[in-house]
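Take a look at the structure below.
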Amino acid sequence: MNSDTIVSIPVLSGELFDTSPEPIRVYIRYLESRVQQLEARVHELEIRLAKDSSNSSKPPSSDGLKRKPKSLRVRSGKKPGGQRGRIGKGLAQVNNPDVVVPHAPASCNGCGLNLSAVQGSCAEQRQVFDIPQPKIHVTEHRVEEKKCPCCGENSRA
């Protein structure tokens, strides 16, 4: 039976119910209460059965062997990442960095001659931006108390 189907149960009352024997009336009331309990239990189980990992805190392994629905996204044909012609928005180099570290070759790659006395030119420069660790600044406030030489009253700041 579908849970959306509404079944109307006739209510026994009045003359027909009052004229029936007492054990039958007790049994009917018992059956009515039992039906209500079972309907509540079925409703609770249907709610629990409808839950899976996408609409509750259940792990994906508890979903069973059902297939996941396919994504409705359509492929764009573009490669992942930035596309050609896109203008990058990295950090711009600064004119006066805090520290300059020169990297000079010590010897010639070809003949091995010592190049420490030879003047070089800058072929490439790169900058690294490091965020400094925050330093805790502690301020102590001291309250002074002074005694008036005239009246002897203590005054506090």
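Brief remarks on what is shown
- Of all residues in region 80-94 being charged (D, E, K, R) and farther than 25 Å from D130 by Cβ, the one that is surrounded by the most Cβ atoms within 10 Å (Cβ to Cβ): R86
- Residue count for region 50-108 satisfying the condition of being assigned to a loop (DSSP other than H, G, I, E, B) and touching a strand residue (DSSP E or B) at 6+ places or on another chain (Cβ under 9 Å): 2.
- Tabulated pairs, region 33-48, first at pLDDT 90 or above, second outside any helix (DSSP H, G or I), C-beta under 7 angstrom, 6+ apart or interchain: E46/S3
- Residue satisfying all of: in region 119-148; more than 30 Å from A92 (Cα to Cα), at pLDDT 80 or above and part of a loop (DSSP other than H, G, I, E, B); nearest to the chain's Cα centre (by Cα) among these: H137
The values are calculated or read from the model by the stated rules, or taken from the named source; none is laboratory data. What you see is a predicted model, and the numbers here were worked out from it, not measured in a lab. No Cβ is skipped: glycine too gets one built from the backbone with ideal geometry, and neighbour counts run over all protein chains shown.
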